[in-house]
Protein chains: 2
Amino acid sequence: MINFKTVTILRAFLCFTLSLVMSNSVAQQATKISPGVWKIVYGEQEAIKPSDFKAKEMADAMGKLPAGNDVPLVLKGIKFSQMSSGVLAELGMEDNERFYGFGLQVNTFEQRGLRREIRTNSQTIGNLGFSHAPMPFYISSKGYGVLVNSSRYVNFYMGSQHKLAEATAGKETAKANEPGSSPEELYRNKNRSSSNVEIQIKGAKGMEILVFEGPTMRNVMERYNLYSGGGALPPMWGLGFKYRAKNTFTQAEVLDFSKYFRDNHIPCDMFGLEPGWQTAAYSCSYVWNKDKYPTPDSLISIMNGRGYKLNLWEHAYTHPTSPIFSAIAPFSGNYKVWNGAVPDFTLPKARAIFGDYHNNTFIKKGILSFKLDECDAAYYDDGSGEWSFPDIARFPSGMDGEQMRQSFGLLYQKTLLDEYRKENIRSMMEVRASHLFASPYNAAIYTDMYDHGDFVKMIINSGFSGTNWSPEVRDIRSEEDLIRRLQTSAMSAHMNVNCWFLKNLPWYQFERDKNNKDILLPNAKEIEQKVKKLIETRMSLIPYLYAAFADYHYKGIPPFRAMVMDYPDDKETFKLDNQYMMGESIMCAPFINGASTRDVYFPAGNWYDFNSGKKYAGAQKHKITMSLTEMPMFVKEGTILPLAKPIEFVSPTTVFDITCKVYGNAEVKPVHLFEDDSNNFGYEANKFAWLNLNWKNGKGSTTRDGKQVKKLYNISSWSKVE
Amino acid sequence: MINFKTVTILRAFLCFTLSLVMSNSVAQQATKISPGVWKIVYGEQEAIKPSDFKAKEMADAMGKLPAGNDVPLVLKGIKFSQMSSGVLAELGMEDNERFYGFGLQVNTFEQRGLRREIRTNSQTIGNLGFSHAPMPFYISSKGYGVLVNSSRYVNFYMGSQHKLAEATAGKETAKANEPGSSPEELYRNKNRSSSNVEIQIKGAKGMEILVFEGPTMRNVMERYNLYSGGGALPPMWGLGFKYRAKNTFTQAEVLDFSKYFRDNHIPCDMFGLEPGWQTAAYSCSYVWNKDKYPTPDSLISIMNGRGYKLNLWEHAYTHPTSPIFSAIAPFSGNYKVWNGAVPDFTLPKARAIFGDYHNNTFIKKGILSFKLDECDAAYYDDGSGEWSFPDIARFPSGMDGEQMRQSFGLLYQKTLLDEYRKENIRSMMEVRASHLFASPYNAAIYTDMYDHGDFVKMIINSGFSGTNWSPEVRDIRSEEDLIRRLQTSAMSAHMNVNCWFLKNLPWYQFERDKNNKDILLPNAKEIEQKVKKLIETRMSLIPYLYAAFADYHYKGIPPFRAMVMDYPDDKETFKLDNQYMMGESIMCAPFINGASTRDVYFPAGNWYDFNSGKKYAGAQKHKITMSLTEMPMFVKEGTILPLAKPIEFVSPTTVFDITCKVYGNAEVKPVHLFEDDSNNFGYEANKFAWLNLNWKNGKGSTTRDGKQVKKLYNISSWSKVE
């Protein structure tokens, strides 16, 4: 027990601490900078902030979201202070409050009780908050989001630390505890969250915080995405199937290999070349290796003719032999990565040199996409192997290495996407790092880490971060592993198989050595048929997914979302990190790590197995068993699901033949499909239409809003699932 | 190839970078602060620096080391600059320069090419430079040491990063490289060191650097240790064997169990109690649990009577039920650890409260030592499990959590060692963290990590850091593992077996479950005899080791040293991280990971197997095979090795019966033994003698310098090994 004297002394101590806080300069008042978006500033600001690279907000759509007029509660209680090592913000939390977000977190979902260190890194290094696209932005279950507008590493203590003064509150009884039987047992601090949120930026002299209002978590994310410029709207082919071929392939081998998909009628939209296409790859020359690729123009033309969209691997570390090296070096950081210059993409000059070259050499020649590798920094935990520019690097813009490390992936993708925009071409890229306000970018993040469970978490977390996530399929252990991973991939923003180390199809042989020696599986053709069916399912979902992305763009609704975002009042969803919503009506529940049976939680209402149509009553868990030929998707009652006849690839003349499946007997909600050119930015000039699907009195009908510039859909039939 | 234009542009860029550096405030001139110790200061200094807690230097001894009058070369070329995130120092290095040190590094030895992040942490987290006792202090093979006098995390880039401007130097040819076959292959950056040393302190506005002159690396360390106050001089019993018993033991069980060593005549000096002795342990009450230990005074008295020195486990996180909690809370940090207050040991008041209590309650009652656990912070890589106070913590002294994290272990041991000094008692403690200027402290660092190879590296690195290291024996896989680990432990500063989870002796049963169920090994008694012989070998080395520690104290010579420190011109020693010097004449080469054969490198001259007397010619490698009953030690030709008849424990009346073994026919160097009370600080008032051992014309003789206050040695015989 703590006696009165203790309380008195502690109270004195608390006052001393508070006075330390109060002695610092006071924060400016919070100001409204957009409907439902508030800003508060303390101290001296960073010269270059993430918001400096933000697209223009979608003002009209933001105006339609519910928003209050009063300063959000979380800002009213905020306390800033300057410490000798940096700046600190202290916020409170409620006892039953939960937190999500922090960008594309890899191995965690609910964030309360954790310390988060927002640092771009290609590996998580345990559970620190490191990620390819970590963001100083969290979303509260109380319906607000807190964003720190900083390019520095930002540290968040989400109730992970208890203040000494709390000892007097009697919340934790002072009991004499037996020593545990293992240090692990003693050290665990889980589920003992305090009620403090602390945010620290080391080396900073100020902090700018934006708060996004709800009232729901989904509203917070809608507002954030719209404020960032609206969600990404990929070209339709970007929703198709993608394949990346062996890095040693020559032009002839690519041309030969790529016949496979067409000959076997297996859908494939994008075909990717790995490092071998360049004269120098680590670092990069951005020059075709003519020994291996003698006539790139011809390659592009033949591949495009076959319906492939060609994608080129690269990174931004510019090799001394590159034609742009001399020009870009003066606009680069003062440290090399792999002997290459690191362009300072904050500078218009650097963007122009890099962008013009790529535009003239590749984009204008028909390259439709890039894979922007290695723009996260890597191996933080290996003092001899980290290959990034250091934190102490200086860039001509005035940014240091730390700030550039956080920003680099975002600026890199922006630089090339801006070039596509100049050509009025919509691309869908791959990129290995991103940061705040990336929502409008047509790019998917991927990784070298490979835990299937983490991949699912990342799909879910992508909805809290305004990113697209590609759980690419790569190393494969077995047929089961291949199919289950392909399923997850088919239920993601970006369906990609990356076989940069395999000569033959991965479904012909899983083992690398055997594959490259042409020793194929006896049942290769059998597996191929399963894979074909699976990819076809993805292709049939393109119109549905395209509409989900249009809603992402125009309304900010994340196309892939945590269950808790749609069912915020259902306790069962609070920690649900292995199932998620895809679009408005489909719930995905991937099977991972060899399981053929798993628990699936169904929120209130009826749900229907996508494969069999079997009905499940909601507000409960069901044990679900699924074979490898069934997709682990469940459709919400009251849904009109437009399913297309699978095509092999999206072409400028594609018209989807669609069957509308109507689920259940509850009230059926109208849905819409998005119809535009899909390869250009005409939609920004209102060259698009919404094709509305309605179901009333047992009969389907369509209407159209807007101007049809291109016919994309043919609604051929309606069917009922009950 | 890089053309002329590139060079011109890069030159311009280099000037731009340099001008950035030059625009900052200029560092003060370097000043000599002690013979061979130089200080340079840049910018605003930290309010509390590690040197503030330093003991008084050993001025006389320092005056005897060779020292120049000119500012060291490394300081002449130093460049400081202020970045927005912190302060930066840039130093050069020569092409063939090598680096060692950075405190008690765990898994690395030679440090060139590495990034080092000096951060106290109980786990290494890969290869970052984290350690229990990391120090911003490196030693160059060119014969100087660079110490950053900061309690902050300090980042060192030891040639790990290449500047862009270096591309023009033509050192790395710009060749088009094939993509590698694995990312690992591509990412490795090893052995491609640049010629820059960069030192950064984030969040700092200045930097103070001390440079220690050589001319040799050994001189650097001698100077550093003497500047720190001279090396530790443990009580003689501190060099004996130590055992820590099961944490659940009661007083009766301790009394019963401790009979074992005496009954079986197995040496044991210190007996340690683990957390169970307290009423509250995580955090700590510092109160005997009377349910289990009803009469502690009686326990102490009986144990002391049996020749045991009692050691109590604790950590400094003070539980609310502790009698000192109310008093210490106002002098503690504003965050708790395990519900305990964290005393600010920089404050005299905090030291007085904590120290007085420990003195009156334990030290005056006969407790001769403490194990100061958990004073490193732990689990940095686990966002939910790290149990330290956070970096944002504030301490009443003005220190923040980061500064305290680096300093805590050092201040904690100093606080209790100061109490022992008040009582004129020499202790030998265990402590899990330390920092700069710890050389004089009688404490050994230990860890929860357990790689045997790392343990050997840490013995070697202890010589570059002014620390004692205890490769304690704990979990055991096999008889072989037990014996080999015990051998390494016997060849270290602190021979300790920590069986906090075992009811029976570890050599009676290795497996935890079986051990605790009294299921003992069939050959337990046989193993016991091997263990006994091994510990007896350690006991026979006490006079030799005590002399080595006296040389550490008075001359700064590290008792455990890298081979490269004694043979700096022998290339073969540059990377030798698995053998080391113990004292002046013994080379240790532990067998690890199941090996019974290993390569041992012998520097020039002849060497003798400690066990068999077999001679090995030096300047070459030999393949050595050793059984479990042989100690992997080799004696240098020309050595007089004083070996004692083993005793079971050191008592106030101990007189060692010594045989001097004289090795080889080369010139035999005289050696000395240190003779004093060994339990008190009388030696500081010149109450000690050096007993000199001489060998001339085939005959041994002794002389004595100083005043004999106590007879410790009886030289009973001389023998020759040829």
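No value in this document is a laboratory result; all are computed from the given coordinates. Because the structure is a prediction, the values reported are computed rather than measured. Note that we place each Cβ from the backbone using ideal geometry, even for glycine, and neighbour counts take in every protein chain shown.
Structure notes:
- Average partner coverage of A:254-267, which counts Cβ from other chains inside 10 Å: 0
- Taking θ as phi - 60° and the Karplus parameters 6.51, -1.76 and 1.60, the scalar couplings of the range B:54-59 work out to 6, 6, 5, 5, 8, 4 Hz in sequence order, x denoting glycine and proline.
- Restricting the chymotrypsin sites (Phe, Trp or Tyr not before Pro) of the range B:425-481 to loop positions (DSSP other than H, G, I, E, B) with no more than 13 neighbouring Cβ atoms within 10 Å leaves B:Tyr450.
- For A:Met429, the residues whose modelled amide H falls within less than 5 Å of its own, excluding neighbours fewer than 5 places apart on the same chain, are A:Ala443, A:Ala444.
- Mean separation of Cα contacts under 8 Å (6+ apart) over length of chain B, as relative contact order %: 12 percent
- Positive minus negative residues near A:Lys710 (Lys, Arg vs Asp, Glu; Cβ under 9 Å): -1
- Under 12 Å, Cβ to Cβ, from B:Ser140 - net charge with Lys/Arg +1 and Asp/Glu -1: -1
- Distances between every pair of Cα atoms in the range A:236-532, grouped in 10 Å steps from 0 to the bin holding the largest one, split as 6, 27, 35, 24, 7, 1 percent.
- Here's the list of aspartates and glutamates a cross-link from B:Lys371 could span, going by alpha-carbon distance under 14 Å and ignoring same-chain residues fewer than 8 apart: B:Glu274, B:Glu314, B:Glu430, B:Asp448, B:Glu472.
- Helical runs (DSSP H, four residues minimum) scored at -39500 (n - 2.57) apiece and divided by the length of the protein assembly as shown put the mean residue ellipticity at 222 nm at -7000 deg cm²/dmol.
- 28 Å Cα-Cα threshold exceeded, pairs from A:Lys525/A:Lys645; A:Lys532/A:Lys575; A:Lys575/A:Lys614; A:Lys246/A:Lys532; A:Lys76/A:Lys457; A:Lys669/A:Lys711: A:Lys532/A:Lys575; A:Lys76/A:Lys457
- Close amide H pairs (under 5 Å, H built 1.01 Å from N) link A:Leu673 with A:Leu691, A:Asn692, A:Leu693, residues at least 5 positions away or on another chain.
- Radius of gyration and maximum dimension Dmax of the protein assembly as shown, Cα, Å: 34.8, 120
- Full extension of the chain between A:Glu667 and A:Ala55 yields a length gain of 216.5 nm, computed as 0.36 nm times the residue separation minus the alpha carbon distance.
- Between A:His452, A:Phe354, A:Met270, the Cα set farthest toward the positive side of the dipole of the range A:236-532 (charges on each charged residue's Cβ, about the Cα centre) is that of A:Met270.
- Put a plus charge on the Cβ of each Lys and Arg, a minus charge on the Cβ of each Asp and Glu, and nothing anywhere else: the dipole of the range A:236-532 about its Cα centre is then about 920 debye.
- Gain upon complete extension [B:Asn692, B:Asn264; 0.36 nm per residue less C-alpha separation]: 150.6 nm
- Sorted shortest first, the distances from the B:Lys696 label point to those of the same residue in the other copies are 12.1 nm; each point sits 7 Å from Cα along Cα-to-Cβ.
- Pairs of Cα atoms farther than 12 Å apart, the range B:462-508, %: 62 percent
- In plain terms, the bigger the Kirkwood radius, the slower the diffusion; for the range A:312-353, with that radius from Cα pairs, at 37 °C and 0.692 mPa s, Stokes-Einstein puts D at 322 µm²/s.
- Antiparallel DSSP beta bridges within chain B, as percent of all bridges there, nearest 5: 75 percent
- The range A:214-358: C-alpha gyration tensor shape, a/c 1.5 cut-off, then a/b vs b/c: oblate
- Partner shielding of A:324-334 amounts to 5, given as the average count of beta-carbon atoms from other chains within 10 Å of each residue beta-carbon.
- Degrees between helix A:296-305 axis and first principal axis of chain A (Cα, 0 to 90, nearest 10): 80 degrees
- Dipole magnitude (debye, nearest 20) for chain B, charges at Cβ of Lys, Arg, Asp, Glu: 960 debye
- Cα gyration tensor shape of the range A:585-722, rounded if a/c is under 1.5, else prolate or oblate by comparing a/b with b/c: prolate
- Ranked for footprinting exposure by Cβ neighbours inside 10 Å, fewest first, B:Met449, B:Met428 give B:Met449, B:Met428.
- Cα long-axis angle, helix A:452-462 against chain A (0 to 90 degrees, to the nearest 10): 70 degrees
- Of the residues A:Gly594, B:Met221, A:Val37, the one whose Cα sits farthest towards the positive end of the charge dipole of the protein assembly as shown is A:Val37 (charges of +1 on Lys and Arg Cβ, -1 on Asp and Glu Cβ, taken about the Cα centre).
- In nm, spacing of pseudo-spin labels at A:Ser301 and A:Ala604 (7 Å Cα→C-beta vector): 6.3 nm
- Computed about the Cα centre, the dipole magnitude for the range A:585-722 is approximately 340 debye when only Lys and Arg (+1) and Asp and Glu (-1) carry charge, each at its Cβ.
- Debye intensity ratio I(q)/I(0), log10, chain B, q values 0.09, 0.10, 0.12 Å⁻¹ (C-alpha model): -0.82, -1.01, -1.43
- With its label point put 7 Å out from Cα toward Cβ, B:Asp513 sits 3.6 nm from the same residue's point in the other copies, in order from shortest.
- Summary value for the range A:236-532: 16 percent relative contact order, contacts being C-alpha pairs under 8 angstrom separated by 6+ residues.
- Using the Cβ-Cβ distance between A:Ser651 and A:Gln620 with R0 = 60 Å, the FRET efficiency computed as 1/(1 + (r/R0)^6) comes to roughly 0.85.
- Using a 7 Å Cα-to-Cβ projection, A:Gly77 label spacings across copies, nm, ascending: 5.6
- Shape of the range B:450-538, Cα gyration tensor, a/c cut at 1.5: prolate
- One Cα centroid belongs to the range B:701-717, the other to the range A:36-82; the line between them spans 79 Å.
- Helix A:348-358 vs. chain A, principal-axis angle (Cα, 0 to 90°, nearest 10): 20 degrees
- Base-10 log of normalised Debye intensity for the range B:640-721 (one unit scatterer per alpha-carbon) at q = 0.25 Å⁻¹: -1.20
- Cβ-derived FRET efficiency at R0 30 Å, A:Ile33 paired with A:Arg421, nearest 0.05: 0.70
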